[in-house]
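Reviewing the structure listed below.
The values are calculated or read from the model by the stated rules, or taken from the named source; none is laboratory data. Keep in mind that this is a model prediction, so the values were computed, not measured. With ideal geometry, Cβ positions are generated from the backbone for all residues, glycine too; neighbour counts draw on all protein chains shown. Note: areas computed on protein heavy atoms with side chains; ligands, DNA, RNA excluded. Shrake-Rupley method; radii C 1.70, N 1.55, O 1.52, S 1.80 Å.
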Amino acid sequence: MDNTLQILIAMIIYMAAVVAIGIVFAKKANKSSENYFLGGRTLGPWVTAMSAEASDMSGWLLMGLPGVAYWCGLADAAWTAIGLAVGTYFNWLIVSKRLRRYSIVANNSITLPEFFSNRFRENKKIIMTIAALFILVFFTVYASSCFVTCGKLFSTLFGTPYIAMMLVGALFVLIYTILGGFLAESASDFMQAIVMVVALTVIVIIATVKAGGINAVIENARQIPGFLEFFGLATPVVEEGTQLVENGKPLFGEAAPYGILSVCSMMAWGLGYFGMPQVLLRFMAIRKEKELKMSRRIAMVWVVISLAVAVFIGIVGRQLFPVEHLTKSGAENIFITLATTSLPPILAGFVMAGILAATISSSDSYLLIAASAFAKNIYQGIVKKDATDKKVMVVTRITLLVIALIAIIFALDEKSIIFDLVSFAWAGFGATFGPLMLFSLFWKRTTHTGAVVGMVGGAAMVFLWKLVISKIGGVFAIYELLPAFIFSSILIVVVSLLTKKPSAEIEADFEKAKTIAMD
């Protein structure tokens, strides 16, 4: 049987399993909007942990992160991974329990904009509207990164046009998300989290053996200036975006310095977790608060293994295929190259399903949360307050279609770099919602005006820093999440102190969320 056909068959089997999960959960999901958007708060600790991390990591874990390590070495990828691991831990440790409680105290909120709105007992729904709009914007960018992943995967595997394959992937994700809602998404994410970590581990072991062992991989990496340093960065010699090759070897310049500012910039990825809707919703959806401790442990084991292996795949890939990928965008295909050359076709197909797993687990979350932000928070919350659950579900599905179409337009460029798309959306969520989430949960003096100004200021600074200030270079070239997060935090504190303190009812809710038992 043709190798390509075997890979395709394996991937079809996997996709069929995902669709089956959607069908199983579709009936329960469509009983009510709470079931559709939050699963009726019935998630167990394993599903909570694994689905949170799978929906968070997306296709960039298998393509974006290894691509960074392959292109410029250890530093950028490793410090990003460390920041993410630290952020994951503290998010589960300090945010999860309080948010689980507070979301119930705040009128049983089932979406993030709804929680913020109810937290401040607002009447005009200003926070809800702004939050919902920012979710629509940043999740559309996120969804486009997932569609780019699908396009690159199928195009590389089957030698077919990128745009056609991107559209096929987008269509599948859309149909699946419309079908099953949050429960189906979380259940399939659990399965996909397992597929992802197994795929990464299998590939890195086989590839390392094929490369002659860990010592051989390390020795090869040391030959490239700055490639295996935590405080140095490899610099590919490029001409018109393509790395130059001499005598069958890729050319690198002198190692670039990698100082403490660069480290802080990459570590700042961890701050994004405090504002990431797809993760925060899992905290709200778990069935029992006391199960969060087990979920945290499960999540941390998964995250540490997955991130470490993803980075090492890029390192070993540079030895086995030094001139296979000569552009920054092309470098993100190194995982696919390793899988298809190291495994029998049928197994390679299941490993490729790992990339689909990562992509689907994220894009369904992004589309569902973005659609719920509009349908539940803007349509039912503001435009038509007497809308029935049935109407909300209809509007949700229409919104899903619109968001997907916009994301597809963003994903039409085959040269899009997955890591860059994800980093911008990650910064957007981290700076827009991260500081507000922390202050809402832990500072009683936070005011409604402070929340609005901090949220808008954080989002605006992400755009300003990314598009204008970072172009100055030098110290200003840091990841936009860090300055935007700090700026948003300062705004929340200053404006809250300058405005009238919250009402007695809001303060009572805050105290109740600190002490109420939800088990």
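Using the structure shown, decide if Lys444 is modelled with pLDDT under 90 and open to solvent by 50 Å² or more (accessible area, probe 1.4 Å). No; evaluated as a whole, the condition is false for this residue. Picking from residues in the range 252-265 that are touching a residue at least 60 places away in the same chain (Cβ under 8 Å) and more than 12 Å from Phe231 (Cβ to Cβ), the one that is least open to solvent (accessible area, probe 1.4 Å) is Ser265. Counting only helices (runs of 4 or more DSSP H) wholly contained in the range 62-141, the ones carrying 3 or more residues that are under 18 Å from Ala285 (Cβ atoms) and open to solvent by less than 10 Å² (accessible area, probe 1.4 Å) occupy 96-105, 112-119. Pro277 meets each of the listed conditions (1) touching a residue at least 60 places away in the same chain (Cβ under 8 Å); (2) farther than 20 Å from Tyr102 by Cα apart from (2).
Within the range 314-359, which residues are within 24 Å of Ala216 (Cα to Cα), among the aromatic types (Phe, Trp, Tyr) and either open to solvent by less than 10 Å² (accessible area, probe 1.4 Å) or part of a helix (DSSP H, G or I) (or both)? The one that is within 24 Å of Ala216 (Cα to Cα), among the aromatic types (Phe, Trp, Tyr) and either open to solvent by less than 10 Å² (accessible area, probe 1.4 Å) or part of a helix (DSSP H, G or I) (or both): Phe335. Does Phe419 satisfy the condition of being modelled with pLDDT of 95 or more, aromatic (Phe, Trp, Tyr) and part of a helix (DSSP H, G or I)? Against the criterion (modelled with pLDDT of 95 or more, aromatic (Phe, Trp, Tyr) and part of a helix (DSSP H, G or I)), Phe419 does not qualify.
Being among the acidic types (Asp, Glu) and under 28 Å from the mean Cα position of the chain (by Cα) is the filter here; which residues of the range 462-519 pass it? Selection gives Glu480 alone. Is there a residue in the range 296-310 that is of a type in the set (Val, Ile, Thr), part of a helix (DSSP H, G or I) and within 20 Å of Gly73 (Cβ to Cβ)? Yes, there is a match, as at least one residue in the range 296-310 is of a type in the set (Val, Ile, Thr), part of a helix (DSSP H, G or I) and within 20 Å of Gly73 (Cβ to Cβ).
For the range 458-481, the tally of residues that are assigned to a helix (DSSP H, G or I) and open to solvent by 40 Å² or more (accessible area, probe 1.4 Å) stands at 11. Scanning the range 495-510 for residues that are in contact (Cβ under 8 Å) with a residue 40 or more places away in the chain and part of a helix (DSSP H, G or I), we see that the one that is surrounded by the fewest Cβ atoms within 10 Å (Cβ to Cβ) is Glu505. So, in the range 364-398, exactly how many residues are under 24 Å from Ile163 (Cβ atoms) and either surrounded by fewer than 24 Cβ atoms within 10 Å (Cβ to Cβ) or aromatic (Phe, Trp, Tyr) (or both)? Looking only at that region, the number is 1.
Kindly evaluate Lys376 against the criterion of being assigned to a loop (DSSP other than H, G, I, E, B) and either among the acidic types (Asp, Glu) or under 23 Å from the mean Cα position of the chain (by Cα) (or both).
On the way: assigned to a loop (DSSP other than H, G, I, E, B): no; either among the acidic types (Asp, Glu) or under 23 Å from the mean Cα position of the chain (by Cα) (or both): yes.
No, not satisfied.
So which of Glu239, Glu229, Glu246 ends up being over 29 Å from Ala20 (Cβ atoms), buried (at least 17 other Cβ atoms within 10 Å of the Cβ) and among the charged types (D, E, K, R)? Lay out the reasoning, then the answer.
On the way: Glu239 fails: buried (at least 17 other Cβ atoms within 10 Å of the Cβ); Glu246 fails: buried (at least 17 other Cβ atoms within 10 Å of the Cβ).
Testing whether each residue is over 29 Å from Ala20 (Cβ atoms), buried (at least 17 other Cβ atoms within 10 Å of the Cβ) and among the charged types (D, E, K, R) leaves just Glu229.
Looking only at residues that are at pLDDT 80 or above and hydroxyl-bearing (Ser, Thr, Tyr) in the range 148-190, which one is most open to solvent (accessible area, probe 1.4 Å)?
Step one: list which residues in the range 148-190 are at pLDDT 80 or above, which gives 148-171.
If we keep only those that are hydroxyl-bearing (Ser, Thr, Tyr) as well, we get 149, 155-156, 160, 162.
Details: Thr149: 1, Ser155: 22, Thr156: 64, Thr160: 45, Tyr162: 11 Å².
Applying the filter and picking the extreme gives Thr156.
From the list Ile135, Ile130, exactly one residue is of a type in the set (A, V, I, L, M, F, W, C), out of contact with any Gly (no Cβ under 9 Å at 6 or more places or on another chain) and farther than 20 Å from Leu421 by Cα. Which is it? Break it down into steps so the answer makes sense when it comes.
Numbers: Ile135 fails: farther than 20 Å from Leu421 by Cα.
None of the others qualify; the one that does is Ile130.
Just for the range 387-416: of the residues that are in a helix (DSSP H, G or I) and of a type in the set (D, E, K, R), which one is modelled with the highest pLDDT?
Lys391
If you check Ala427, Ala451, Ala404 for being buried (at least 21 other Cβ atoms within 10 Å of the Cβ) and under 27 Å from Val19 (Cβ atoms), only one passes: Ala404.
State whether the residues of the range 434-441 include one that is of a type outside the set (A, V, I, L, M), under 29 Å from Leu292 (Cα atoms), more than 21 Å from the chain's Cα centre (by Cα) and open to solvent by less than 10 Å² (accessible area, probe 1.4 Å).
As a first pass, look at the range 434-441 and keep what is of a type outside the set (A, V, I, L, M): 434-435, 439-440.
Filter once more, so that each one left must be under 29 Å from Leu292 (Cα atoms): 434-435, 439-440.
Keeping just the survivors that are more than 21 Å from the chain's Cα centre (by Cα) gives 439-440.
Then drop every residue that is not open to solvent by less than 10 Å² (accessible area, probe 1.4 Å), which leaves 440.
Within the range 434-441, one or more residues are of a type outside the set (A, V, I, L, M), under 29 Å from Leu292 (Cα atoms), more than 21 Å from the chain's Cα centre (by Cα) and open to solvent by less than 10 Å² (accessible area, probe 1.4 Å).
Take the conditions (1) within 15 Å of Ser363 (Cα to Cα); (2) modelled with pLDDT of 75 or more; Ala49 misses just one of them, which is (1).
Taken over the range 201-216, the residue count meeting the criterion of being open to solvent by less than 80 Å² (accessible area, probe 1.4 Å), hydrophobic (A, V, I, L, M, F, W, C) and either under 29 Å from the mean Cα position of the chain (by Cα) or at pLDDT 95 or above (or both) is 5.
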